[in-house]
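Below is one structure, written out as structure tokens, with a few remarks after it.
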């Protein structure tokens with residue numbers, strides 16, 4: 001039975017960034033498959049209407065709270081304190097440790113043409129010693145490669161760490177569906193648009209805004225087309241949390 005604290009039926013691990021890294025490292029040492037998910041408010045709201053996605057989040061080995069909204073929701077609901085562990089920060093921390101430990105890394109999937117190649121180039125420059133054994137977008141022009149081809153490429157490269165950037169819920173569903181076909185992969189993480197940040201295609205919010213929990217405002221100003229997703233995170237999610245609190249008052 002999953003004993004982790006849950007917010008609107010999505011479980012979360014009450015770990016800090018160093019503790020999350022330690023758990024991932026233990027999986028890499030033991031070879032036990034570890035699917036890491038990074039739910040924020042948008043994930044939680046999506047999981048309410050997408051049951052397969054919700055099931056994958058519940059099956060995850062490590063669920064990291066990505067977003068101040070989740071941290072505040074835990075307080076409102078009287079849950080154990082959660083620590084924000086942003087997916088991008090977790091990825092960067094893993095890459096630093098991978099370069100030190102010699103773990104083999106593979107990048108798969110990207111939402112922008114050419115960004116995976118730029119991300120791979122920047123990763124090798126930013127993390128000296130990184131053993132990046134593959135960077136596959138999954139596309140050939142307008143054609144998407146069949147999953148069996150992608151999993152074959154991953155198995156052939158024999159990575160220890162797999163980062164998947166297909167966006168939610170596709171990346172989480174993809175990892176869960178193909179976990180038995182990934183060869184020696186021990187840790188798989190859905191990273192959303194983190195490849196874009198790594199490639200420098202999209203600029204991340206300044207650290208003070210991230211610390212204060214206003215990264216959503218930065219995204220809205222920089223990418224106004226995301227307004228519906230922002231509304232979900234900063235309006236619909238808090239309303240749903242308050243309704244849950246009143247239901248159990």
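Observations on the structure shown:
- DSSP-defined antiparallel bridges as percent of all bridges, segment 6-247, nearest 5: 20
- The angle between the Cα long axis of helix 87-101 and the longest principal axis of the Cα atoms of the chain comes to about 40 degrees, rounded to the nearest 10.
- Across the chain, the relative contact order, built from alpha-carbon pairs under 8 Å that are at least six residues apart, equals 23 percent.
- Extension reserve of the residue 83-residue 207 stretch, reckoned as 0.36 nm per residue once the Cα distance is removed: 43.0 nm
- Between 0 and 90°, nearest 10: helix 17-30 axis offset from the chain longest Cα axis: 40
- Highest-MSF residue in the chain out of 122, 181, 51 [GNM, Cα springs under 10 Å]: 51
- Put the Cα centre of segment 160-192 next to the Cα centre of segment 72-103 and the gap is 17 Å.
- Taking other C-beta atoms within 10 angstrom as a stand-in for reagent exposure, 239, 133, 149 fall in the order 239, 149, 133, fewest first.
- Among 147, 176, 89: highest mean-square fluctuation, GNM of the chain, C-alpha pairs under 10 Å: 147
- Per-selection metrics, the chain (Cα): Rg and Dmax in Å: 17.6, 54
- Helix 147-157 axis, angle to the chain major axis (alpha carbon atoms, nearest 10°): 60
- Equivalent ellipsoid semi-axes - Cα gyration tensor, segment 1-137, angstrom: 28, 17, 14
- Ranking of 116, 29 by count of other Cβ atoms within 10 Å, fewest first: 29, 116
Read-outs throughout are calculated quantities, based only on the coordinates presented, and are distinct from any laboratory measurement. All values derive from a computational prediction rather than experimental measurement. Using ideal geometry, Cβ is built from the backbone for each residue, glycine included, and neighbour counts are taken over all protein chains shown.
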